[in-house]
Structure formats: structure tokens, C-alpha cells
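First up is the structure itself, then whatever we jot down about it.
The values are calculated or read from the model by the stated rules, or taken from the named source; none is laboratory data. Please read all numbers here as calculations on a predicted model, not as lab measurements. Please note: Cβ atoms are built from the backbone with ideal geometry, for glycine as well, and neighbour counts cover all protein chains shown.
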């Protein structure tokens, strides 16, 4: 958060969501997710649905990047 509006940004990605099925891609996807987001390392995600989003439209506002 910043009171300086010139430092604020907003991003929305709309797309198609697909469930990643059990198989070869799923362990790699979970490994990459846990490598990027440490909070997921302690979570048992193997039996939960995993979604892959294919972006179709991106809308941005402000200073992105």
C-alpha cells in the first residue's frame, strides 16, 4: 500500500482454467509452486485440485513492472 498514487498498480488476468490431472505434469507444477511460494511448502497439496490458467486477456493500470 502507498498513499502515493503514482506508485500504485493493478493487474487483472482473465483466462481459461483447467484442472491439472494426476500424471507427469502435476509433480513438476507442485514443485515449481512450492519453490516460488514458500507458504505452500508445508501444505499437503497432492490430493487437492490444481488449476492451470491460460491467460486470454490482461488489463493493467498504473506502474507495472
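Hey, can you tell me all the residues within the stretch 1-53 that are assigned to a loop (DSSP other than H, G, I, E, B) and under 30 Å from residue 63 (Cα atoms)?
Matches in the stretch 1-53: 1, 2, 3, 4, 8, 37.
I'm trying to understand the selection: among the residues of the stretch 54-65, which are part of a loop (DSSP other than H, G, I, E, B) and either within 14 Å of residue 29 (Cβ to Cβ) or touching a strand residue (DSSP E or B) at 6+ places or on another chain (Cβ under 6 Å) (or both)? Even if it seems obvious, please write down each step before you answer.
We begin by selecting, within the stretch 54-65, every residue part of a loop (DSSP other than H, G, I, E, B); these are 63-65.
Of everything in the stretch 54-65, those that are part of a loop (DSSP other than H, G, I, E, B) and either within 14 Å of residue 29 (Cβ to Cβ) or touching a strand residue (DSSP E or B) at 6+ places or on another chain (Cβ under 6 Å) (or both) turn out to be 63, 64.
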Report every pair of residues separated by at least 6 positions or lying on different chains whose Cβ atoms are under 9 Å apart, first residue within the stretch 51-65 and at positive phi and surrounded by 10 or more Cβ atoms within 10 Å (Cβ to Cβ), second modelled with pLDDT of 95 or more and in a loop (DSSP other than H, G, I, E, B). none
Selection count where residues are surrounded by 10 or more Cβ atoms within 10 Å (Cβ to Cβ), without any contact (Cβ under 8 Å) to a residue 24 or more places away in the chain and out of contact with any helix residue (DSSP H, G or I) (no Cβ under 6 Å at 6 or more places or on another chain), scope the stretch 22-44: 11
